[in-house]
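Derivation of every value follows stated rules applied to the coordinates shown; laboratory data play no part. Just so we're clear, the structure is a prediction, and the values are computed from it rather than from any experiment. As a convention, Cβ positions derive from the backbone with ideal geometry for all residues, glycine included, and neighbour counts pool all protein chains shown.
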Amino acid sequence: MLYVRLLLLLLSHRLLLQHGADPNQRDAVGNTALHLAVCTSHIPTVTLLLRAGTNIRQADNQGYSPLQLARSKLKLLQRYGNSSSQEIKRHVYQVIEMMQTYLECSGSSEEAELLSSFSNQLSLSDSREQVENDIQTLLNSLNDLSLVQSNVS
């Protein structure tokens with residue numbers, strides 16, 4: 001049932017965009033559809049919105065861009081996750097996939113490949129400590145990617 005709802009949501013986004021909906025439209029608290037898709041890790045919607053030209057750096061009323069939300073998600077997983085290492089890895093893979101989609105859509109395929117390498121490294125980590133160290137390595141390396149070179153932290 002959840003899969004059907006998510007599929008309908010994706011189809012409705014696609015239809016709205018095809019009929020001229022503005023992907024950068026904000027709600028009452030300044031969120032765009034991309035902010036919400038990033039927060040819920042809905043990868044197909046993130047991909048659709050990025051390909052539609054959504055502004056990845058548009059801040060909400062709190063001053064957070066979708067990229068900053070994705071990075072914050074990584075930090076929260078590292079610091080406060082009470083889940084198993086496998087569950088944390090699943091969430092990290094989702095964040096990486098979102099970032100890779102952005103990099104590929106913006107023409108930074110080499111940087112997207114770096115994230116693929118990181119995913120491969122993460123797949124070899126078994127313990128919670130190894131996964132947390134991998135997340136820290138990813139957070140440190142994000143400073144060198146074009147994801148954060150325009151004052152996005």
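Which of the three applies to the range 38-90, rounded, prolate or oblate, going by the alpha-carbon gyration tensor with a ≥ b ≥ c and a/c under 1.5 meaning rounded? Judged from the Cα gyration tensor, the range 38-90 comes out oblate (a/c at least 1.5, b/c at or above a/b). Counting only trypsin sites (Lys or Arg not before Pro) that sit in a DSSP loop (anything but H, G, I, E, B) with at most 15 other Cβ atoms within 10 Å, what is the longest stretch of the chain containing none of them? With trypsin sites (Lys or Arg not before Pro) excluded where exposed in loops, the chain gives 58-153 as its longest stretch. When the Gaussian network model of the chain links Cα atoms closer than 10 Å, the mean-square fluctuations of 68, 121, 136 top out at 121.
Taking square-rooted eigenvalues a ≥ b ≥ c of the alpha carbon gyration tensor, is the range 2-142 rounded, prolate or oblate, where a/c under 1.5 means rounded and, failing that, a/b exceeding b/c means prolate? It comes out prolate by the Cα gyration axes.
Using a Gaussian network model of the chain in which every pair of alpha carbons under 10 angstrom is joined by a spring, one finds that among 19, 35, 91 the greatest mean-square fluctuation is at 19.
Among 65, 41, 123, the largest mean-square fluctuation in a Gaussian network model of the chain (Cα springs under 10 Å) belongs to 123. Taken about its Cα centre, the chain carries a charge dipole of about 480 debye when Lys and Arg each add +1 at the Cβ and Asp and Glu each add -1 at the Cβ.
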